[in-house]
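The values are calculated or read from the model by the stated rules, or taken from the named source; none is laboratory data. Bear in mind the structure is a predicted one, so any value in this text is a computation, not a measurement. Note that we place each Cβ from the backbone using ideal geometry, even for glycine, and neighbour counts take in every protein chain shown. Surface accessibility is based on the protein's heavy atoms, side chains included, excluding ligands, DNA and RNA. Shrake-Rupley method; radii C 1.70, N 1.55, O 1.52, S 1.80 Å.
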Amino acid sequence: MTRPQIALVLHALVLIAALVFIVPVLTEALGGPRGFLLSLLVYWLGFCLPVIFWHVRGRRSPRLFSEKLAWRDWFVPGLLLLQVGAVAMVAFVPNTALLTTHAAMLAGLVALINGPLEEAAWRGGFLTRFAERPRLGFVLSLVLFTAWHIPLALSHDIAFDGGWLYLVGGAAGLGLIWSWIAWRTGSIFWTALAHVLTNALTFWVLFDTNGFVAAVGYQP
């Protein structure tokens, strides 16, 4: 691997190792909801934004953020719509009786930040740096994206619907779909849209289940 490629992989590994300690400490000290949101902020500032700045900005392919699809890829929006629908049926619909408007607004806000940042960092960063070694880049981005969700499972006072296996396994399954589409099309536009919608649904359930709105004092 080249030095920039090694630097990107090491950055991801350091992030994951650091969050293994940071997430439990913050969620125990500040309470689950506050600690969880602060952990996300640490993740965005410590990994996503630096990766975008160092590995994507100024080096990206002109197609990286393009919505245009080759004729052979016209199925992509439909496939991602089915994926979002599947998440809604599995994670969202069974919990509709618990959901509130304020949690929806908070979930939407976090999703609008998290989805594009994660796609630009995990898919965009590896697409850019591993353009000449796509198979290696695909595998590394998928494995490391999945692994970063493990520290979240260590959160105190946070109940994940389905438990830690559902959290990490879901990240692996969704990451596989999004990575395949991103590498196939050379763009993260459509995967970013799907990521935002998926996050909005899953965060909505997570936030209402764990009392995020009351804990953080969020009142739109």
Of GLY85, ALA172, MET105, farthest towards positive along the dipole that unit charges on Lys, Arg, Asp, Glu beta carbons give segment 82-185
ALA172
Relative packing of 123-129, 194-200, 66-72, which averages over residues the other C-beta atoms within 10 Å, highest first
123-129, 194-200, 66-72
Counting Lys and Arg as +1 and Asp and Glu as -1, each charge on the Cβ, what is the dipole of the chain about the Cα centre in debye, to the nearest 20?
980
When the accessible area of the chain is split by element with a 1.4 Å probe, what percent falls to carbon and sulfur?
72
Taking only DSSP H segments of four or more residues, each worth -39500 (n - 2.57), what value at 222 nm results for the chain once the sum is divided by all its residues, to the nearest 500 deg cm²/dmol?
-20500 deg cm²/dmol
Just the number please: accessible area per residue for the chain, 1.4 Å probe, all protein chains included, in Å².
49
Hey, can you list the DSSP H helices of the chain whose Cα span along the axis is 18 Å or longer and whose average Kyte-Doolittle score is at least 0.5?
3-30, 101-118, 134-147, 163-185, 189-209
